[in-house]
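Here's the structure, in C-alpha cells; my notes come after.
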Amino acid sequence: MEQAVIKELSTDDLVDRLEEETKQLSKLKLNHAVSPLENPNKIKAYRKTIARIQTELRKRGIEQALAGNDQETDK
C-alpha cells in the first residue's frame, strides 16, 4: 500500500486496516516458521505497510493535538 493511498483513507479506516495488516503479518510469520514461504519478502512488505499506517495515525494525532492547543490558546 502506497503512502498516497494511506493519506486518503479516514482515520477509522486506517485503524481497521492496521488490525488487518497486523493479523496478516502474524499469519505469514507463523506460516514461514512452519514451512518456508515462496516469497519471504512479503513479510518485509507487510512490516513496511504497518509502519506507514502507524506513522500516518501518529501524524494525525499530533495535528489534532496541536489544533486542540491552538483553539485553547485562542480563548
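The values are calculated or read from the model by the stated rules, or taken from the named source; none is laboratory data. Only a predicted model underlies this, so the values are computations on that prediction, with no experimental measurement involved. Here the Cβ positions follow ideal geometry from the backbone for every residue, glycine too, while neighbour counts run over all protein chains shown.
Does segment 45-52 contain at least one residue that is part of a helix (DSSP H, G or I) and touching a Ser or Thr at 6+ places or on another chain (Cβ under 8 Å)? Talk me through it step by step, then tell me what you get.
Pass one, segment 45-52, residues part of a helix (DSSP H, G or I): 45-52.
From the residues that got through so far, the ones that are touching a Ser or Thr at 6+ places or on another chain (Cβ under 8 Å) too are 50.
Looking for residues that are part of a helix (DSSP H, G or I) and touching a Ser or Thr at 6+ places or on another chain (Cβ under 8 Å), one finds at least one in segment 45-52, hence yes.
Between a first residue in segment 10-22 that is under 10 Å from ILE53 (Cα atoms) and a second residue that is modelled with pLDDT under 95 and buried (at least 17 other Cβ atoms within 10 Å of the Cβ), which pairs have beta carbons less than 8 Å apart while being 6 or more apart in sequence or on different chains?
That search, which allows pairs on different chains as well, returns LEU14/ILE6.
Every residue in segment 32-47 that is out of contact with any helix residue (DSSP H, G or I) (no Cβ under 9 Å at 6 or more places or on another chain) and surrounded by 13 or more Cβ atoms within 10 Å (Cβ to Cβ), please.
Answer for segment 32-47, where residues must be out of contact with any helix residue (DSSP H, G or I) (no Cβ under 9 Å at 6 or more places or on another chain) and surrounded by 13 or more Cβ atoms within 10 Å (Cβ to Cβ): just ALA45.
Which count do you get for residues in segment 9-43 that are in a loop (DSSP other than H, G, I, E, B) and under 18 Å from LYS59 (Cα atoms)? Give the steps one after another, and end with the answer.
Here is the first cut: in segment 9-43, the residues in a loop (DSSP other than H, G, I, E, B) are 9-10, 35-40.
Remaining after also requiring under 18 Å from LYS59 (Cα atoms): 9-10.
Count: 2.
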